[in-house]
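One structure follows; several queries about it will come next.
The values are calculated or read from the model by the stated rules, or taken from the named source; none is laboratory data. Computed from a prediction, not measured in an experiment: that's the story for all the values here. Every residue, glycine among them, receives a Cβ derived from its backbone with ideal geometry; neighbour counts consider all protein chains shown. These area figures cover heavy atoms from the full protein model, side chains too; ligands, DNA and RNA do not enter into them. Shrake-Rupley method; radii C 1.70, N 1.55, O 1.52, S 1.80 Å.
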Amino acid sequence: MKNRKIVFANQKGGVGKSTLCILFANYLAWKGKSVCIIDTDLQKTILMQRQKDTQIYEDWDEPYNVQDFDVTDPETMQQLMDSAAQVDGYVLFDSPGNISEDGLAPLFVDADFIVCPYEYEDKTLDSTGVFVQVLNALREHNPQMHAQIFFVPNRIDPRIGTADEQMMWRETDDLFGKFGKVTPVVNSRAALKRTNTFELLATQRDAVKKAFEYMIKKMK
Ligand SMILES: Nc1ncnc2c1ncn2[C@@H]1O[C@H](COP(=O)(O)OP(=O)(O)OP(=O)(O)O)[C@@H](O)[C@H]1O
Ligand SMILES: [Mg+2]
């Protein structure tokens, strides 16, 4: 099976990095794909979620592995990326908010794909823009960097949006589209607040299906 290293990142906090990372792992596992998650975020959101889930789903087999990793320096980060490249299947990384953090560079330089969730909200758009600039600067200094970026509009309420706002959304998508692929949107859904690392509910699957199928196709 092919190896793919996929990093969920955006320096803006709370945009859905950890949630979409878990959902993508659940979705791939549901499709019978081989997948694991490496939690490089100091907050350990996914690792703690898995620990909680292990108590609740005590009779279930773990659908995939969740691995802990603390970013300390570029050398150990590089070693992690080298061993991740030996894994068959999809290796997903949840990343810390601050991407200019010491030692993190190999995560982005060696990634095959970067999944960047964002929301249509002024502050989020600004910091997502800065994030794109940081990635571009990293590319300039590291010619071997090859990651394709997926921008995922997340937590969208399809009922709101004046004509002006909708135009702003389209302009945003056009702008991000210059740096990567903008996926179909993931709507704001109560069911996604109950995301866990064992079970993908049908309502959750429906909410992410379009965006994830789009990404999986491009990752072939
Ligand atoms: N599409 C969605 N619909 C409803 N709730 C969502 C959606 N996406 C994310 N959330 C909720 O938003 C909150 C923040 O999401 P999450 O923790 O995944 O963000 P994050 O980018 O990983 O944050 P951090 O920067 O702190 O790591 C969570 O409570 C999550 O349940
Ligand atoms: Mg997170």
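Would you please put 90-97, 52-59, 203-210 in order of how densely packed they are, using the mean number of other Cβ atoms within 10 angstrom per residue and starting with the highest?
90-97, 203-210, 52-59
Under 21 Å from the Cα of LYS52, which lysines turn up, not counting those fewer than eight places away in the same chain?
LYS17, LYS44, LYS193
If you don't mind, another one. Taking +1 at the Cβ of each Lys and Arg and -1 at the Cβ of each Asp and Glu, which of THR197, SER18, MET1 sits farthest along the dipole of the chain towards its positive end, judged by Cα position relative to the Cα centre?
The residue sitting most towards the positive pole is MET1.
What ranking do 22-35, 186-199, 157-170, 69-82 get when scored by the average of other Cβ atoms within 10 Å per residue, highest first? Could you put the intermediate results ahead of the total?
Values: 22-35: 19.0, 186-199: 16.6, 157-170: 10.5, 69-82: 14.9.
Going by the mean number of other Cβ atoms within 10 Å, highest first, we get 22-35, 186-199, 69-82, 157-170.
If you place +1 on the Cβ of every Lys and Arg, -1 on the Cβ of every Asp and Glu, and leave all else neutral, what size is the dipole of the chain about its Cα centre, to the nearest 20 Debye?
Using Cβ point charges on Lys, Arg, Asp and Glu, the chain gives about 940 debye.
Are there chymotrypsin sites (Phe, Trp or Tyr not before Pro) in region 99-130 that DSSP puts in a loop and that have at most 13 other Cβ atoms within 10 Å, and which ones?
For chymotrypsin sites (Phe, Trp or Tyr not before Pro) across region 99-130 that sit outside H, G, I, E and B with at most 13 neighbouring Cβ atoms in 10 Å, the list is empty.
If you don't mind, there's one more thing I want to ask. Which FRET efficiency value, to the nearest 0.05, do you get for LEU42 and GLU75 by plugging their Cβ-Cβ distance into 1/(1 + (r/R0)^6) with R0 = 22 Å?
0.75
Please list 121-127, 43-49 highest first by mean number of surrounding beta-carbon atoms within 10 Å per residue.
Descending mean neighbour count gives 43-49, 121-127.
Could I ask something else about it? Using a Förster distance of 41 angstrom, determine the FRET efficiency expected from the C-beta separation of ILE56 and ASN142, and round it to 0.05.
0.45
Before rounding to the nearest 500, sum -39500 (n - 2.57) across all DSSP H runs of length at least 4 in the chain and divide by the residue total; then give [θ] at 222 nm in deg cm²/dmol.
About -13500 deg cm²/dmol.
Can you list the residues, at least 5 places off or on another chain, whose amide H is less than 5 Å from the amide H of TYR118, using H built in the peptide plane?
Those lying under 5 Å, H to H, from TYR118 are VAL152, ASN154.
Give me the distance in nm between label points sitting 7 Å out from Cα along the Cα-to-Cβ direction at ASP174 and ILE160, one decimal.
Reported label-point gap for ASP174 and ILE160 is 2.4 nm.
Find the accessible area per residue for region 3-218; the probe is 1.4 Å, ligands and nucleic acids are left out, and the unit is Å².
I get 49 Å² per residue for region 3-218.
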